[in-house]
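The values are calculated or read from the model by the stated rules, or taken from the named source; none is laboratory data. Bear in mind that the values here come from a model prediction, so they are computed numbers and not experimental data. All Cβ positions, even for glycine, are placed from backbone atoms using ideal geometry, and neighbour counts span all protein chains on display.
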């Protein structure tokens with residue numbers, strides 16, 4: 001086997017963040033006395049994605065991101081609510097969710113014991129740890145690296161330095177990064193000199209100057225790359 005270490009992103013690679021986000025957002029609005037409308041979701045999603053991109057460029061801290069994304073959403077929708085409380089409620093609901101990407105659990109159970117499996121996620125520690133506990137995924141992974149917990153995020157080199165410290169500095173040619181984000185997972189892996197696999201489950205056009213080693217459209221397609 002060429003690869004011995006598989007570094008998996010979590011959100012929209014193994015667990016469906018889209019489903020978790022939709023559930024948590026609706027519950028948070030309703031808890032705050034605001035009837036939820038479907039058009040609120042894409043507004044929040046765009047703001048949230050922009051905030052995470054700013055975080056990945058070191059333009060925001062994780063603490064600023066937590067509140068700012070809700071502040072901007074509430075302002076755009078013209079609702080007078082405390083963004084700090086709104087953010088806390090949202091994260092509580094997000095932490096309670098557990099939705100697998102189709103085929104993800106089957107894949108991890110198949111790969112476990114053949115490869116060393118590691119999770120690398122840009123996320124909020126409380127949320128990610130809770131969601132992993134809800135899905136009982138922890139026993140399959142030797143290490144779980146969460147950006148908030150270590151103080152740096154993908155695609156920064158420091159994130160991968162930390163990860164490689166944890167897994168004993170294997171040869172880079174034995175490592176494969178798997179994730180859905182070109183800007184964090186694939187760019188981070190490319191810059192670090194390891195092979196990458198883009199989980200392009202939304203069939204997006206790659207308009208960025210970021211080229212993965214492999215591209216898959218379903219997570220189970222990884223088995224074909226690994227020949228397992």
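Out of the residues in the range 196-210 that are in contact (Cβ under 8 Å) with a residue 24 or more places away in the chain and surrounded by 14 or more Cβ atoms within 10 Å (Cβ to Cβ), which is farthest from residue 56 (Cα to Cα)?
201
Go over the candidates 8, 55 one by one and state the one that is under 14 Å from the mean Cα position of the chain (by Cα) and within 19 Å of residue 202 (Cα to Cα).
Result of the check over 8, 55: 8.
Could you identify the single residue in 189, 193 that is buried (at least 20 other Cβ atoms within 10 Å of the Cβ), at pLDDT 95 or above and either in the same structural domain as residue 10 (by TED's automatic domain parsing) or within 21 Å of residue 124 (Cα to Cα) (or both)?
Just one listed residue meets the conditions, 189.
If the Cβ limit is 7 Å and pairs must be 6+ apart or interchain, which residue in the range 50-78 that is without any contact (Cβ under 8 Å) to a residue 24 or more places away in the chain and not assigned by TED's automatic domain parsing to the domain that holds residue 123 pairs with which residue that is outside any helix (DSSP H, G or I) and surrounded by 15 or more Cβ atoms within 10 Å (Cβ to Cβ)?
Pairs that qualify, where the first residue is without any contact (Cβ under 8 Å) to a residue 24 or more places away in the chain and not assigned by TED's automatic domain parsing to the domain that holds residue 123 and the partner is outside any helix (DSSP H, G or I) and surrounded by 15 or more Cβ atoms within 10 Å (Cβ to Cβ), are 51/60; 54/60; 68/60; 74/81.
Looking at 98, 104, 22, which is the one that is buried (at least 18 other Cβ atoms within 10 Å of the Cβ) and in contact (Cβ under 8 Å) with a residue 60 or more places away in the chain?
Answer to the check: 104.
Could you please give the count of residues in the range 129-141 that are under 25 Å from residue 4 (Cβ atoms) and loosely packed, with under 15 Cβ neighbours inside 10 Å?
3
So for the range 160-170 (the condition being assigned to a loop (DSSP other than H, G, I, E, B), within 26 Å of residue 58 (Cα to Cα) and touching a helix residue (DSSP H, G or I) at 6+ places or on another chain (Cβ under 7 Å)), does at least one residue qualify?
The answer is no, given that none of the residues of the range 160-170 is assigned to a loop (DSSP other than H, G, I, E, B), within 26 Å of residue 58 (Cα to Cα) and touching a helix residue (DSSP H, G or I) at 6+ places or on another chain (Cβ under 7 Å).
Within 30 Å of residue 227 (Cα to Cα) and at pLDDT 95 or above: does that describe residue 88?
Judged against the criteria, residue 88 is not a match.
Got a sec? Which of 144, 108, 150 is under 20 Å from residue 225 (Cα atoms) and either at pLDDT 95 or above or touching a strand residue (DSSP E or B) at 6+ places or on another chain (Cβ under 6 Å) (or both)?
Checking each option against the conditions leaves just 108.
From 213, 228, grab the single residue that is surrounded by fewer than 18 Cβ atoms within 10 Å (Cβ to Cβ), in contact with a strand residue (DSSP E or B) (Cβ under 8 Å, 6 or more places away or on another chain) and within 23 Å of residue 112 (Cα to Cα).
Residue meeting the stated conditions: 213.
So, residue 64, is that one assigned to a helix (DSSP H, G or I) and either under 23 Å from residue 95 (Cβ atoms) or touching a helix residue (DSSP H, G or I) at 6+ places or on another chain (Cβ under 8 Å) (or both) or not?
yes
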